[in-house]
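See below for the structure under consideration.
The values are calculated or read from the model by the stated rules, or taken from the named source; none is laboratory data. Owing to the predicted nature of the structure, the values given are computational and were not obtained by experimental measurement. We place every Cβ from the backbone using ideal geometry, glycine too, and count neighbours over all the protein chains shown. SASA here: full protein model, heavy atoms, side chains in, ligands and nucleic acids out. Shrake-Rupley method; radii C 1.70, N 1.55, O 1.52, S 1.80 Å.
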Amino acid sequence: MTAPRVASARRYLMCPPTYFDVVYCINPWMDPSKPVDQRLAYLQWQRIYDVFLELGHQVELVAPLPGLPDMVYAANGATVLDGRVLVARFRHEERVAESPAYLDWFDSRRFEVRQADCVNEGQGDFLAVGELLLAGRGFRSVRAAHTETETFFQRPVVSLNLVQADFYHLDTALAVLDEQTVMYYPGAFAPDSQQVLRQLFPDAIIATAQDAAAFGLNAVSDGRNVVLPAGATSLAAQLREHGFEPIAADVSELLRGGGGVKCCTLELGLARSAAPEPKGAA
Ligand code: ARG
């Protein structure tokens, strides 16, 4: 018997793929010699956006900037916890100019915001589960960024070593489903990190190599509904067996840049309540 899964309304930040393209190669999925179907990418992105709204979530937008074709992958912009924001410091020159856009976005909305000193690719590599912060390294964010993030948020960081280039960000190899449940692909992690994950999450959902290759772990969960790339069919079946509600999104074109559902979604926290301020509040 699985416990009933409970959804909570979330607040997300996304970036429309107006300038999405594959014109350089910074991960094994990117092949600049093959043209991108921008219209299809837009439709796929729009469907993710629409699903979030249908599920009752709030979605805000950061303005896309010309010359930044990877900005659609908003998850990399920052890590956000309890209204505090650590903005990314990108590893590759091609994405460095995204950081000021995120700094401005958060700053003008009165978040407490700071840019990371160390190479840190935001929620691509930092995922909160309960009180813990799982942190990936090996391809993008550096080990020192794990320490910096731990100090900034005052949350214990669990440092995980990624070893397969196809799964270059933590969010391509592991997804947080609720406060204590994760799903992941063990093969993406070094043996000692696999051991850590087994101990922390004995009841985790384990993805197959095929599901991982379909980017199935690049998923967004609200505690019950899990929006995930459509190709990960056996992972969807496993989610259902565990009481979650999988919702498939076709991301074939977004995958050309090496990103799926989660990459396009920066999680800001729980949705802000629409309830009016109590009378007499200052
Ligand atoms: N082309 C982008 C890069 O290589 C894809 C980023 C995917 N984002 C993610 N959160 N995994 O940086």
Can you list the DSSP H helices in the chain whose Cα atoms extend at least 20 Å along the helix axis and whose mean Kyte-Doolittle hydropathy is -1.0 or higher? 38-54
Relative contact order of region 70-181: what whole-number percent is it, with Cα pairs under 8 angstrom and at least 6 residues apart? 24 percent
Would you mind computing, in nm to one decimal, how far apart the modelled labels at ARG155 and HIS92 are, each placed 7 Å from Cα along Cα→Cβ? 2.7 nm
How long is the gain from ALA213 to GLN180 if the chain were fully straight, where each residue apart is worth 0.36 nm and the alpha carbon distance is subtracted? 9.4 nm
Accessible area per residue for region 152-282 in Å², computed with a 1.4 Å probe and the full protein assembly in place, what is it? 41 Å²
So with the 1.4 Å probe, I'd like the accessible area per residue for region 12-81, rounded to whole Å². 42 Å²
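Provide the percentage of antiparallel DSSP beta bridges, counting only those with both residues in the chain; round to the nearest 5.
Here the share of antiparallel DSSP bridges comes out near 50 percent.
Computing the accessible area with a 1.4 Å probe over protein heavy atoms, can you report the carbon and sulfur percentage for region 166-219?
That share works out to 52 percent.
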Counting alpha carbon pairs within less than 8 Å and at least 6 residues apart, what relative contact order, in whole percent, applies to the chain? 23 percent
Distance (nanometres) between label positions extended 7 Å along Cα→Cβ at LEU61 and SER234: 3.9 nm
Under the classification rounded if a/c is under 1.5, otherwise prolate if a/b is larger than b/c and oblate if not, where does the chain fall, given a ≥ b ≥ c as square roots of the Cα gyration tensor eigenvalues? rounded
Order by accessible surface, 1.4 Å probe, largest leading, for residues GLU112, GLU241 comes to GLU241, GLU112
What is the distance in Å between the Cα centres of region 62-137 and region 251-269? 14 Å
For an R0 of 22 angstrom, estimate the FRET efficiency from the Cβ-Cβ distance between VAL163 and ARG84 and round to the nearest 0.05. 0.10
Does region 132-282 come out rounded, prolate or oblate by the C-alpha gyration tensor, with a ≥ b ≥ c the root eigenvalues, rounded set by a/c under 1.5 and, if not, prolate when a/b is larger than b/c and oblate if not? oblate
Extension gain LEU53-ASP192, at 0.36 nm per residue separation less the Cα-Cα distance, in nm? 46.1 nm
Gain in span if fully extended, ASP117 to VAL6, counting 0.36 nm per residue against the direct Cα distance: 36.3 nm
In whole percent, and with a 1.4 Å probe on the protein chains, what portion of the accessible area of region 1-159 is carbon and sulfur? 53 percent
Please identify, among CYS264, CYS118, CYS25, the residue showing maximal mean-square fluctuation in a Gaussian network model of the chain using a 10 angstrom Cα cutoff. CYS25
